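J.: Take this structure, written in structure tokens, and hold onto it; I'll ask about it next.
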Amino acid sequence: MRIVFLGPPGSGKGTQAQILAQKRQIPQISSGDLLREAVLKETPAGKKAKEYIDKGALVPDEVVIELVRERIRNEREFILDGFPRNVKQAEKLDELLSKLHLPLDGVLNVEVPLEKLIDRLSGRLTCSQCKAIYHVKYNPPTKKGVCDACGGVLFQRSDDTEAAITCRFETYKNQTEPLIMYYKKRGNLITIDGTKAIDGISRDIEERIREHGV
Ligand code: AMP
């Protein structure tokens, strides 16, 4: 299965991508995680990416495309979370997958209204080790500050601040939202109501991808 998750910041696409990847036992590839790891390791890509991530802007296409290309090189099945983020990246992904004869099976677009997004982002916590995502109110860890899955320390992302969140929404509207039409035209788009509780959304996703023959 090869799936792309689309959705605004805070839509829960990362959480759902992790759940689906675990159920199907295939890798979840998050361009945000790849970039944050590169920043932590201070690789050349990470050094270029840091200022963009902190502002909430998109990292230059060539940097992200190279990281994703390298990561999916030896995978036949995967769930992409956060990539592509604009039409140029979507075209690159098409090009790459068509060379490998591995077409996308579907694009899941997780829809959530703006006011809910802000609430979700401001309480989000991520595991520093396994990248599991929590929320102080909607999906709290059993023990405060500690990951249920691996015992890692939970942290708040540096771009979950008010200024960066505003920029990330604008970036999403201007650059990422056009991808909805891009994939709709290709008959690949599956729209998911992202306002339900986590389990309800996962069930909807399973049902909808089955209907789609995935
Ligand atoms: P995410 O974890 O998907 O919310 O991404 C966090 C940040 O990483 C974004 O605000 C961007 O700065 C950067 N980023 C993640 N994916 C991409 C991408 N496909 N293209 C450009 N920048 C990205």
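J.: Consider only pairs whose beta carbons are under 6 Å apart and that are at least six residues apart or on different chains; among these, list those whose first residue lies in segment 47-70 and is under 22 Å from Thr161 (Cα atoms) and whose second residue is within 6 Å of the ligand (Cβ to nearest atom) and acidic (Asp, Glu).
T.: As it stands, the answer is Ile53/Asp159; Gly56/Asp159, since those pairs meet every condition given.
J.: Does at least one position in segment 37-48 carry a residue that is more than 9 Å from the ligand (Cβ to nearest atom) and in contact with a Phe, Trp or Tyr (Cβ under 9 Å, 6 or more places away or on another chain)?
T.: no
J.: Further question: If I filter segment 75-93 for residues that are of a type outside the set (Lys, Arg), at positive phi and part of a loop (DSSP other than H, G, I, E, B), do I get at least one hit?
T.: Checked segment 75-93: at least one residue is of a type outside the set (Lys, Arg), at positive phi and part of a loop (DSSP other than H, G, I, E, B).
J.: Test of understanding: among Lys48, Lys55, which residue is basic (Lys, Arg) and either within 26 Å of Ile205 (Cα to Cα) or out of contact with any Cys (no Cβ under 7 Å at 6 or more places or on another chain) (or both)? Step through it out loud before you land on a result.
T.: Details: Lys55 fails: either within 26 Å of Ile205 (Cα to Cα) or out of contact with any Cys (no Cβ under 7 Å at 6 or more places or on another chain) (or both).
Checking each option against the conditions leaves just Lys48.
J.: Also: Which residues, taken from segment 164-178, are within 20 Å of Thr15 (Cβ to Cβ) and modelled with pLDDT of 95 or more? Explain how you work it out, then say what you get.
T.: Of all residues in segment 164-178, those within 20 Å of Thr15 (Cβ to Cβ) come to 164-165, 168-169, 172, 176.
Once the filter is applied, which keeps residues that are within 20 Å of Thr15 (Cβ to Cβ) and modelled with pLDDT of 95 or more, segment 164-178 yields Tyr172, Thr176.
J.: To continue, here is another question. Being more than 13 Å from the ligand (Cβ to nearest atom), touching a helix residue (DSSP H, G or I) at 6+ places or on another chain (Cβ under 8 Å) and in contact (Cβ under 8 Å) with a residue 40 or more places away in the chain: is that true of Leu114 here?
T.: When the stated conditions are applied, Leu114 passes them.
J.: Something else now. Evaluate the following for Gly32: is it buried (at least 20 other Cβ atoms within 10 Å of the Cβ) and assigned to a helix (DSSP H, G or I)?
T.: Numbers: buried (at least 20 other Cβ atoms within 10 Å of the Cβ): yes; assigned to a helix (DSSP H, G or I): yes.
Taking the combined requirement at face value, the residue satisfies it.
J.: Okay, next question. Tally the residues that are surrounded by 15 or more Cβ atoms within 10 Å (Cβ to Cβ), within 14 Å of the ligand (Cβ to nearest atom) and acidic (Asp, Glu), restricting the search to segment 76-111.
T.: The total comes to 1.
J.: Consider only pairs whose beta carbons are under 7 Å apart and that are at least six residues apart or on different chains; among these, list those whose first residue lies in segment 182-209 and is within 22 Å of Asn139 (Cβ to Cβ) and in contact (Cβ under 8 Å) with a residue 24 or more places away in the chain and whose second residue is part of a helix (DSSP H, G or I) and among the charged types (D, E, K, R).
T.: Ile192/Asp204; Ile192/Arg208; Asp193/Asp204; Thr195/Lys116
J.: Just to be sure I understand, how many residues within segment 134-151 are closer than 16 Å to Gly14 by Cβ and of a type in the set (Gly, Ala, Ser)?
T.: Qualifying residue count, segment 134-151: 1.
J.: Somewhere in segment 53-67, is a residue more than 10 Å from the ligand (Cβ to nearest atom), crowded, with 21+ Cβ neighbours inside 10 Å, among the aliphatic types (A, V, I, L, M) and within 15 Å of the chain's Cα centre (by Cα)?
T.: no
The values are calculated or read from the model by the stated rules, or taken from the named source; none is laboratory data. Since the structure is predicted, the reported quantities are computational estimates derived from the model, not experimental observations. Quick reminder, even Gly has a Cβ in these numbers, built from the backbone with ideal geometry, and neighbours come from all protein chains shown.
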